[in-house]
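Report on one structure; see the data block that follows.
The values are calculated or read from the model by the stated rules, or taken from the named source; none is laboratory data. Computed from a prediction, not measured in an experiment: that's the story for all the values here. Because the Cβ atoms are built from the backbone with ideal geometry, glycine has one as well, and the counts that use them run over all protein chains shown. Ligands, DNA and RNA are excluded from the accessible area calculation, which covers all protein heavy atoms including side chains. Shrake-Rupley method; radii C 1.70, N 1.55, O 1.52, S 1.80 Å.
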Amino acid sequence: MSKDENIVSMSGQPIFRYTDGEKEWEAPHGEECIEEISDHIENYIGEVSMVFHELISDTVHIDVHHVKPTKERPFHILVTSGMSDLKMNVPADVNSAHYMELMVTFPEDWKIDEESFKDEKWYWPIRQLKFLARFPHKFETWLAWGHTIPNGDPAESFSDNTKLSGSIILPSVNVPKEFGSLEINKDKIIEFYSIVPLYDEEMKLKLNKGSDLLLDKFDQYGISDLITIDRKNVAKKRFGIF
């Protein structure tokens with residue numbers, strides 16, 4: 001699978017464009033750690049009320065575990081299992097997790113049911129979960145802290161009711177720190193990261209100025225991995241980067 005690795009952003013970070021498309025369909029590898037992941041979720045976040053099982057899978061079988069809001073934690077959390085069935089293609093000179101699962105966090109009033117998921121305004125984060133969980137295996141690459149992925153090229157809004165159009169991979173601030181890592185055995189440690197939706201300008205800010213400035217702005221305006229479709233866009237043109 002060839003990819004253009006010779007483009008760098010103004011901040012010096014590489015920009016990967018996958019020019020040959022994704023791998024052809026292959027039978028999924030099987031749910032090796034679903035029980036351990038489910039137990040890990042319940043140990044550190046809360047009871048798994050439902051698992052959305054895939055009916056048709058490609059390369060890996062991605063299930064999505066739902067933890068409902070509580071008084072102490074008033075938001076929904078969805079966590080994948082299955083992404084970590086395969087090892088990511090991390091370059092030899094990169095110190096990064098080889099096994100990963102992803103999560104998203106929703107406001108308490110977000111609709112989480114099969115009927116609502118027929119409407120893209122409720123379903124798009126789950127679509128992103130599944131797409132990004134498969135992405136490193138379909139394109140023989142890897143995901144890591146701070147990686148940004150646009151929704152298409154050029155990037156398009158995830159749905160009609162938001163201008164969010166990309167994602168950054170970050171640790172969640174809405175779950176205990178201990179949830180971030182699960183040791184299966186000495187050769188397999190799964191790391192859990194959150195998908196944080198971004199505006200197009202924020203993706204450009206990160207590429208041009210680096211992750212630190214974007215995350216500083218997140219801290220300044222109280223932006224977390226809790227998905228808010230109309231949240232403040234922290235990238236301002238006064239930075240002179242567009």
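For Thr105, state whether it is assigned to a loop (DSSP other than H, G, I, E, B), farther than 22 Å from Glu31 by Cβ, open to solvent by less than 30 Å² (accessible area, probe 1.4 Å) and polar (S, T, N, Q). Working first, answer last.
Values: assigned to a loop (DSSP other than H, G, I, E, B): no; farther than 22 Å from Glu31 by Cβ: yes; open to solvent by less than 30 Å² (accessible area, probe 1.4 Å): yes; polar (S, T, N, Q): yes.
Here the answer is no, as Thr105 does not meet what is asked.
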**Message:** Please go through region 79-110 and give me each residue that is touching a strand residue (DSSP E or B) at 6+ places or on another chain (Cβ under 9 Å), more than 14 Å from Gly180 (Cα to Cα) and among the hydrophobic types (A, V, I, L, M, F, W, C), ordered by number.
**Reply:** Met83, Leu86, Met88, Phe106, Trp110
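Quick one: in region 39-51, of everything that is open to solvent by 40 Å² or more (accessible area, probe 1.4 Å) and among the aliphatic types (A, V, I, L, M), which residue is farthest from the chain's Cα centre (by Cα)? Even if it seems obvious, please write down each step before you answer.
Kept after step one, since they are open to solvent by 40 Å² or more (accessible area, probe 1.4 Å), are these residues of region 39-51: 39, 42-44, 47, 49-51.
Next, from what is left, pick out any that are among the aliphatic types (A, V, I, L, M): 50-51.
On the way: Met50: 20, Val51: 18 Å.
Taking the candidates together, the pick is Met50.
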**Message:** Taking the criterion of being touching a residue at least 40 places away in the same chain (Cβ under 8 Å) and among the polar types (S, T, N, Q), would at least one residue in region 114-127 satisfy it?
**Reply:** no
**Item:** Where His98 falls short, out of the listed (1) over 22 Å from Asp187 (Cβ atoms); (2) open to solvent by 20 Å² or more (accessible area, probe 1.4 Å); (3) modelled with pLDDT of 95 or more
**Value:** (1)
**Prompt:** Limited to region 133-175, what total is found for residues that are open to solvent by 30 Å² or more (accessible area, probe 1.4 Å), out of contact with any strand residue (DSSP E or B) (no Cβ under 7 Å at 6 or more places or on another chain) and under 25 Å from Phe75 (Cβ atoms)?
**Reply:** 5
**Request:** Within region 129-160, track down each residue that is in contact (Cβ under 8 Å) with a residue 12 or more places away in the chain, within 21 Å of Leu214 (Cβ to Cβ) and in contact with a Ser or Thr (Cβ under 6 Å, 6 or more places away or on another chain).
**Result:** Ala144, Gly146, Ile149, Asn151, Ala155
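For every residue, the table says whether it meets (1) polar (S, T, N, Q); (2) open to solvent by less than 20 Å² (accessible area, probe 1.4 Å); (3) within 22 Å of Thr70 (Cβ to Cβ).
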{"position": "Lys177", "(1), (2), (3)": "no, no, yes"}
{"position": "Phe192", "(1), (2), (3)": "no, yes, yes"}
{"position": "Asn208", "(1), (2), (3)": "yes, no, no"}
{"position": "Gly222", "(1), (2), (3)": "no, no, yes"}
{"position": "Lys232", "(1), (2), (3)": "no, no, no"}
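In contact (Cβ under 8 Å) with a residue 12 or more places away in the chain and exposed (fewer than 14 other Cβ atoms within 10 Å of the Cβ): is that true of Asn89 in this structure?
When the stated conditions are applied, Asn89 passes them.
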**Item:** Any hit, region 118-130, residues being surrounded by fewer than 20 Cβ atoms within 10 Å (Cβ to Cβ) and not in a helix (DSSP H, G or I)
**Value:** yes
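Residue-by-condition table, conditions (1) closer than 21 Å to Ile126 by Cβ; (2) touching a residue at least 12 places away in the same chain (Cβ under 8 Å); (3) among the basic types (Lys, Arg):
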{"position": "Thr162", "(1), (2), (3)": "yes, yes, no"}
{"position": "Ser167", "(1), (2), (3)": "yes, yes, no"}
{"position": "Ile184", "(1), (2), (3)": "no, yes, no"}
{"position": "Asp187", "(1), (2), (3)": "no, no, no"}
{"position": "Glu201", "(1), (2), (3)": "no, yes, no"}
{"position": "Leu214", "(1), (2), (3)": "no, yes, no"}
{"position": "Lys232", "(1), (2), (3)": "no, no, yes"}
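Of everything in region 52-70 that's of a type in the set (A, V, I, L, M) and more than 18 Å from the chain's Cα centre (by Cα), which residue is least open to solvent (accessible area, probe 1.4 Å)? Working first, answer last.
Restricting attention to region 52-70, the residues satisfying the condition of being of a type in the set (A, V, I, L, M) are 55-56, 60, 62, 64, 67.
If we keep only those that are more than 18 Å from the chain's Cα centre (by Cα) as well, we get 55-56.
Numbers: Leu55: 171, Ile56: 140 Å².
In this case the residue turns out to be Ile56.
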